[in-house]
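Q: What follows is a structure written as structure tokens; I'll ask about it next.
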Amino acid sequence: MKTWCLAAALLMIPTPASAQGPAFAIEGGGGYTGFADDGIVGHSLIAAAARIYLLPRVSIGPEFQYLAGERDHRDLMLTGNLYVDLSERGPGRPVVPYLVVGGGLFQTRDNFLGDTFTSSEGGFTAGAGVRIFLNSNFYVAPEFRGGWEPHFRVSVDVGYGGRD
């Protein structure tokens with residue numbers, strides 16, 4: 001009985017009304033990833049991500065990346081990301097710079113002398129970008145990241161959501 005009373009009391013606490021937009025975002029995009037080897041080994045990139053806001057300027061969520069290199073070389077990366085917005089969006093401020101860091105699983109697959117080689121290991125990325133809102137919910141976000149497996153990534157995402 002005490003638990004029900006406490007729950008009812010917490011639900012009755014007034015909270016300020018908010019005109020904020022969705023407290024989540026979904027994104028998809030593409031770009032270029034260069035891996036450090038004897039030189040730079042280039043891959044095309046397709047990525048999809050989702051985020052939920054924990055605080056007005058802090059969000060977390062998963063990201064899936066598919067990278068296609070020369071011939072049959074393919075890489076997959078699944079990370080959990082933390083985003084920190086460096087400013088708040090508001091009237092007259094449609095641009096939101098942010099930092100991102102993520103960690104997870106990196107898998108590479110390639111054919112070598114007729115056999116398929118697959119390897120999996122931990123991976124991480126870190127970087128920065130800027131969300132440029134086209135209206136109240138849609139944005140484009142150019143971004144630069146570096147990470148392990150040693151690489152750099154230049155991409156542009158298109159997203160829906162965010163916080164006002």
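The values are calculated or read from the model by the stated rules, or taken from the named source; none is laboratory data. All figures in this text were calculated on a predicted structure; none of them were measured in a lab. We place every Cβ from the backbone using ideal geometry, glycine too, and count neighbours over all the protein chains shown. To get the accessible areas, we keep the full protein, side chains included, count just its heavy atoms, and leave off ligands, DNA and RNA. Shrake-Rupley method; radii C 1.70, N 1.55, O 1.52, S 1.80 Å.
Q: Would you tally the net charge around Gly114, using a Cβ to Cβ cut-off of less than 14 Å, leaving Gly114 out, and scoring K and R as +1, D and E as -1?
A: -2
Q: Between helix 2-11 and the chain, what is the angle of the helix's C-alpha long axis to the longest principal axis, kept within 0 to 90° and rounded to the nearest 10?
A: Helix 2-11 and the main axis of the chain meet at about 90 degrees.
Q: Let me ask something additional. Testing the spin-label approximation: label points 7 Å from Cα along Cα→Cβ at Val154 and Ala36. State their distance in nm.
A: The modelled label-to-label distance comes out at 1.8 nm.
Q: Among Val101, Val41, Val140, determine the one that fluctuates most according to a GNM of the chain built with springs between C-alpha atoms less than 10 Å apart.
A: Val41
Q: Follow-up question, since we're still on this one. GNM, the chain, Cα, under 10 Å: largest mean-square fluctuation among Ile40, Ile52, Ile60?
A: Ile40
Q: Rounded to the nearest 500, what is the chain's calculated 222 nm mean residue ellipticity when only DSSP H runs of at least 4 contribute -39500 (n - 2.57) each, over all residues?
A: About -2000 deg cm²/dmol.
Q: Once fully extended, how much extra length lies between Leu78 and Val130, figured as 0.36 nm per residue of separation less the alpha-carbon to alpha-carbon distance?
A: 16.5 nm
Q: Whenever you get a sec, compute what percent of the accessible area on the range 20-164 sits on carbon and sulfur atoms (1.4 Å probe).
A: 66 percent
Q: Set the Förster distance to 45 Å, then compute FRET efficiency between Thr118 and Ser87 from the Cβ-Cβ distance, nearest 0.05. Could you put the intermediate results ahead of the total?
A: Values: r = 42 Å, r/R0 = 0.94.
Given R0 = 45 Å and the Cβ-Cβ separation, E is 0.60.
Q: Please give the Cα centre distance for the range 27-56 versus the range 95-132, rounded to the nearest Å.
A: 7 Å
Q: What is the dipole size for the range 16-164, taken about its Cα centre, with +1 at each Lys and Arg Cβ and -1 at each Asp and Glu Cβ, in debye to the nearest 20?
A: Dipole magnitude for the range 16-164 comes out near 680 debye.
Q: Also, quick follow-up: On average, how much area does the Cα convex hull of the chain cover when viewed from any direction, in nm²? Could the numbers behind the result be given before it?
A: Working: hull surface 52.6 nm².
The Cα convex hull of the chain, projected and averaged over all directions, gives 13.1 nm².
Q: Points 7 angstrom from Cα along the Cβ direction at Phe24 and Leu54: gap in nanometres?
A: 1.8 nm
Q: I need to check one value: relative contact order of the chain, counting alpha carbon pairs closer than 8 Å and at least 6 residues apart, in percent.
A: 23 percent
Q: Which value, in Å² rounded to 10, gives the accessible area of Ser119 with a 1.4 Å probe and all protein chains present?
A: 40 Å²
Q: How much accessible surface does Tyr160 have with a 1.4 Å probe, in Å² rounded to 10?
A: Per-residue accessible area (Tyr160): approximately 70 Å².
Q: Based on the Kirkwood radius over alpha-carbon pairs, what value in µm²/s does the Stokes-Einstein equation return for the translational diffusion coefficient of the range 33-104 at 37 °C and 0.692 mPa s?
A: Stokes-Einstein gives a translational diffusion coefficient of 231 µm²/s.
Q: With the Cα gyration tensor of the range 100-146 giving a ≥ b ≥ c as the square roots of its eigenvalues, does the rule (a/c under 1.5 for rounded; else a/b larger than b/c for prolate; else oblate) give rounded, prolate or oblate?
A: It comes out prolate by the Cα gyration axes.
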